[in-house]
1. What tally of residues in segment 267-303 results from selecting those that are buried (at least 19 other Cβ atoms within 10 Å of the Cβ) and basic (Lys, Arg)?
2. Could you list all residues from segment 87-108 that are buried (at least 17 other Cβ atoms within 10 Å of the Cβ) and hydrophobic (A, V, I, L, M, F, W, C)?
3. Name every residue in segment 103-143 that is touching a strand residue (DSSP E or B) at 6+ places or on another chain (Cβ under 8 Å), of a type in the set (Gly, Ala, Ser) and under 21 Å from SER220 (Cα atoms), in order of residue number.
4. Just to be sure before I move on: is LEU40 modelled with pLDDT of 95 or more, in the same structural domain as ASN263 (by TED's automatic domain parsing) and farther than 30 Å from ASN203 by Cβ in the structure I sent?
5. Which residue, of TYR208, TYR226, TYR218, is of a type in the set (Ser, Thr, Tyr) and in contact with a Leu (Cβ under 6 Å, 6 or more places away or on another chain)?
6. Just to be sure, is GLN143 at pLDDT 70 or above and touching a Ser or Thr at 6+ places or on another chain (Cβ under 6 Å)?
7. Only residues that are touching a Gly at 6+ places or on another chain (Cβ under 7 Å), touching a residue at least 40 places away in the same chain (Cβ under 8 Å) and more than 26 Å from PRO206 (Cβ to Cβ): list them for segment 237-283, please.
8. Filter segment 273-317 down to the residues that are closer than 30 Å to ILE49 by Cα and not small (Gly, Ala, Ser) and list them by number.
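The values are calculated or read from the model by the stated rules, or taken from the named source; none is laboratory data. Everything quoted here is computed from the prediction, not taken from an experiment. Please note: Cβ atoms are built from the backbone with ideal geometry, for glycine as well, and neighbour counts cover all protein chains shown.
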Amino acid sequence: MKKIKILILATFILLITLQYKLNGQISPIYDYNYVNDTALSDEFNGTQINTLKWHIYNYDGCCNGAGVYFSSSLASEDSGYLKLEATNSDGLLTTSGIESLNNSYLYGYYEMRAKLPGYFNTLTNSPCSQGFWTSFWTYYHVQTENPLCTVAHNEIDIQESSGLNGSGWGAGIDNNANIVESHCWGNPSNCSAILSDVSSLSNLPPLYANFHKFAAEYLSNRMIFYFDDVPFAIYYGQTFNPTYSMKVVMDNQLQALSTFNSNTPWPMYYTIDYFHYYQLNTTNCSTNLYIKNNAQLANFWRPGSAGVLSNITIGDGTDPVSLTAGVTYVFRAVNSVTINGNFTMGSGSSLNIIPTPCD
């Protein structure tokens, strides 16, 4: 990975919190360099699912346990939420999911806020999610029709609940698993599916009780996974990373009926508040930025900022430059960041310097 050059040519006055987040571990809610692509995002605030953005699954079987069907009638948009229902009708499991029509998703920040299906099992006096296999993922797939053959497949699993084999996140075992997956590239006869990396969080609160954020930042040289805006897994330079545009999927997958508790209170819902796709502003990657005083700093750090720059210089030794107390600042540069002169930070402010490729 390319290293960014950081020069600090000053004595810091009132230095309270100085953070060099060289791994790029910060959510877009703190980073004006990211912009929400509303055309590729969805707030789910309507009265029905936007079929100009999403395909609603309505078929048998793929990626689910035996006897599980997808039904378009079980996916709905209501009261500001996308609701993906799962039902059990006399042993016939039926569930729901959606997939983006647009396959223009690649580098950026993927974020979903959701409540996962689950319930408090009064028989065991504990939270339970047995049998559910909810997921939030992206994929690129190519196959030939005659003969039917998978030529290439690659995916990023941002949230994949591990209610597998009857354990379930509600039991506090691998409560939420984020998985980076790579499948066969090229001729399937010469390769097989590869589970490249798995990172998981355990001992989380029951994920059916409240909404939580599940997210991933994907750039050409990194993959960073987040839970509630906090990074917990970081990968750099992975050769399995997708290099082709992808689709986005949110689906309420299920295991076979035998994995569920008999007292599961059907129907159950995977409830999604929103899906956001952020992209970095890379229009100024060849531009150098000079911040010589506080007025120029305030003009830079605001919504619609300059984005990723080539080189950034803060301070020229003449006027002081001060970070406002309690404010998070994020500087992204391809090559270098230089700080000099009279530079101070207010109490609780945060300085984030992130090396960023111009993808």
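1. The qualifying residues number 0.
2. Selection gives LEU93, ILE98, LEU106.
3. GLY108 - this is the single residue of segment 103-143 that is touching a strand residue (DSSP E or B) at 6+ places or on another chain (Cβ under 8 Å), of a type in the set (Gly, Ala, Ser) and under 21 Å from SER220 (Cα atoms).
4. yes
5. On the way: TYR226 fails: in contact with a Leu (Cβ under 6 Å, 6 or more places away or on another chain); TYR218 fails: in contact with a Leu (Cβ under 6 Å, 6 or more places away or on another chain).
The conditions single out TYR208.
6. Details: at pLDDT 70 or above: yes; touching a Ser or Thr at 6+ places or on another chain (Cβ under 6 Å): yes.
Yes.
7. Passing the criteria: TYR277, TYR278, GLN279, LEU280, ASN281, THR282.
8. Those that are closer than 30 Å to ILE49 by Cα and not small (Gly, Ala, Ser): ASP273, TYR274, PHE275, HIS276, TYR277, TYR278, GLN279, LEU280, ASN281, PRO303.
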